[in-house]
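**Q** First the structure, which I've put down as structure tokens, then a few questions once you've had a look.
The values are calculated or read from the model by the stated rules, or taken from the named source; none is laboratory data. None of these values were measured; they are calculated from a predicted model. Cβ atoms come from the backbone with ideal geometry, glycine included; neighbour counts cover every protein chain shown.
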Amino acid sequence: MPKHYNPNDTYFRQAQKQGYRARSAFKLKEILKKFPTLLTKRKSNILDAGACPGSFLQVLGEESRGGKICGVDLQKIKPLPKNYPAELCLIQGDMFDTETEEAILGFFGDKKADLITSDMAPKTSGIKSVDQWRSIELNQRVLEICESLLKYNGNLVTKIFKGEDFEEFWVDEFRDRFEKAKTFKPRACRDRSVEMFLIGIGWKG
Ligand SMILES: C[S@@+](CC[C@H](N)C(=O)[O-])C[C@H]1O[C@@H](n2cnc3c(N)ncnc32)[C@H](O)[C@@H]1O
């Protein structure tokens, strides 16, 4: 029997209790624990695409030990507290726009990112195949962004909806662009959800 959908599940309650803006915080925590080499360098430059409401940013701040963190979203991200542990820039913009890319590079002082995270999700239409294809398009854009904004040997964590086009994207477009590439579904992703994360370690440029 499938479990009932429960928006107020354990992770939701934990997020509220621990002051995270969304339950997604636990997905990123789990990813960083499972793949510790994603974020080893002190003072990394990190781009978080699709950052609203900001729980990935909270976790990245805790884990990054300084550095510069840039959060971008179509929606306005509410400022984080003044004692945020890294230099932070919040941009309301579309990751498909070149102005957004320029603003990110400007903040990083024309240096590239050590780590890019993307939790971007399309506005869901309710039609599974359409939503999954849109998620692939977002990820194709993430790879384009890597070309202009990710350092050689940098790392990527990106969310994708697994569907019929996934395998082709994974094999033909994603896997070989990194020294090591893995798929991972954190326990904090809902059981019935088709979402999972692609982990790219060592961008070949
Ligand atoms: C699941 S939410 C992100 C949650 C966030 N990672 C957190 O931890 O709080 C997905 C976000 O992707 C954003 N998004 C979708 N398409 C985008 C685009 N083209 N450019 C920027 N953000 C986008 C949406 O506005 C939405 O806020």
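**Q** Please specify each residue of the stretch 34-54 satisfying the condition of being more than 15 Å from the chain's Cα centre (by Cα), of a type outside the set (Val, Ile, Thr), modelled with pLDDT of 95 or more and under 26 Å from residue 87 (Cβ atoms). So that I can check it myself, show each step before the final result.
**A** Initially, the stretch 34-54 is screened for residues more than 15 Å from the chain's Cα centre (by Cα), giving 34, 36-37, 40-44.
Narrowing the set further to residues that are of a type outside the set (Val, Ile, Thr) leaves 34, 36, 41-44.
Pick out the ones that are also modelled with pLDDT of 95 or more and you get 34, 36.
Passing the criteria: only 36.
**Q** Give me the pairs: first residue in the stretch 146-161 and at pLDDT 95 or above, second residue part of a helix (DSSP H, G or I) and of a type in the set (Phe, Trp, Tyr), beta-carbon distance under 8 Å, and six or more apart or on different chains, which are they?
**A** Between residues of the stretch 146-161 that are at pLDDT 95 or above and residues that are part of a helix (DSSP H, G or I) and of a type in the set (Phe, Trp, Tyr), the close pairs are 160/166; 160/169.
**Q** Further question on the same structure: If I go through the stretch 22-46 residue by residue, how many of them are of a type in the set (D, E, K, R), buried (at least 19 other Cβ atoms within 10 Å of the Cβ) and not in a helix (DSSP H, G or I)?
**A** Residues flagged as of a type in the set (D, E, K, R), buried (at least 19 other Cβ atoms within 10 Å of the Cβ) and not in a helix (DSSP H, G or I) within the stretch 22-46 amount to 1.
**Q** Being farther than 19 Å from residue 205 by Cα, of a type in the set (Asp, Glu) and at pLDDT 95 or above: is that true of residue 101 here?
**A** Working: farther than 19 Å from residue 205 by Cα: no; of a type in the set (Asp, Glu): yes; at pLDDT 95 or above: yes.
In short, no.
**Q** In the stretch 109-130, which residues are under 15 Å from residue 149 (Cα atoms), buried (at least 18 other Cβ atoms within 10 Å of the Cβ) and either away from the ligand (no atom under 15 Å from the Cβ) or charged (D, E, K, R) (or both)?
**A** Selection gives 112, 113, 114.
**Q** Could you tell me whether the stretch 34-44 includes any residue that is among the small types (Gly, Ala, Ser) and without any contact (Cβ under 8 Å) to a residue 40 or more places away in the chain?
**A** no
**Q** Among the residues that make up the stretch 141-157, is at least one of them more than 16 Å from the ligand (Cβ to nearest atom) and out of contact with any strand residue (DSSP E or B) (no Cβ under 7 Å at 6 or more places or on another chain)? Step through it out loud before you land on a result.
**A** Taking the stretch 141-157 first, the residues more than 16 Å from the ligand (Cβ to nearest atom) are 147, 150-155.
Those still in the list that are out of contact with any strand residue (DSSP E or B) (no Cβ under 7 Å at 6 or more places or on another chain) too: 147.
Yes.
**Q** Could I ask something else about it? Hey, does the stretch 72-79 have a residue that's away from the ligand (no atom under 16 Å from the Cβ) and either free of Cβ contacts under 8 Å to residues at least 60 places away in the same chain or within 11 Å of the chain's Cα centre (by Cα) (or both)?
**A** Within the stretch 72-79, the first condition is being away from the ligand (no atom under 16 Å from the Cβ), and the residues that meet it are none.
No; the residues of the stretch 72-79 include none that is away from the ligand (no atom under 16 Å from the Cβ) and either free of Cβ contacts under 8 Å to residues at least 60 places away in the same chain or within 11 Å of the chain's Cα centre (by Cα) (or both).
**Q** Please state which of the following conditions residue 55 fails to meet, knowing it meets all the rest: (1) touching a strand residue (DSSP E or B) at 6+ places or on another chain (Cβ under 6 Å); (2) under 26 Å from residue 137 (Cβ atoms); (3) among the hydroxyl-bearing types (Ser, Thr, Tyr).
**A** Only one criterion is unmet by residue 55, namely (1).
**Q** What pairs come out if I take residues in the stretch 125-143 that are among the basic types (Lys, Arg) and pair them with residues that are surrounded by 13 or more Cβ atoms within 10 Å (Cβ to Cβ) whose C-beta lies under 7 Å away, six or more apart or interchain?
**A** So the pair list comes out as 128/163; 134/122; 141/95; 141/96.
Yes or no, residue by residue, for (1) closer than 24 Å to residue 22 by Cα; (2) assigned to a loop (DSSP other than H, G, I, E, B):
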{"site": "99", "(1), (2)": "no, no"}
{"site": "103", "(1), (2)": "no, no"}
{"site": "123", "(1), (2)": "yes, yes"}
{"site": "126", "(1), (2)": "yes, yes"}
{"site": "130", "(1), (2)": "no, no"}
{"site": "134", "(1), (2)": "yes, no"}
{"site": "144", "(1), (2)": "no, no"}
{"site": "147", "(1), (2)": "no, no"}
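**Q** Only one of 100, 40 is away from the ligand (no atom under 16 Å from the Cβ) and among the β-branched types (Val, Ile, Thr); which?
**A** Result of the check over 100, 40: 40.
**Q** In this structure, is residue 69 surrounded by fewer than 21 Cβ atoms within 10 Å (Cβ to Cβ) and within 26 Å of residue 19 (Cα to Cα)?
**A** no
**Q** Another question, if that's okay. Just the residues that are without any contact (Cβ under 8 Å) to a residue 40 or more places away in the chain, crowded, with 20+ Cβ neighbours inside 10 Å and small (Gly, Ala, Ser), please, taken from the stretch 47-66. Break it down stepwise before answering.
**A** Applying the first criterion (without any contact (Cβ under 8 Å) to a residue 40 or more places away in the chain) to the stretch 47-66 yields 52-54, 57-59, 61-66.
Then drop every residue that is not crowded, with 20+ Cβ neighbours inside 10 Å, which leaves 52, 54, 57-59, 61, 64.
Within the stretch 47-66, 54, 61, 64 meet the criteria.
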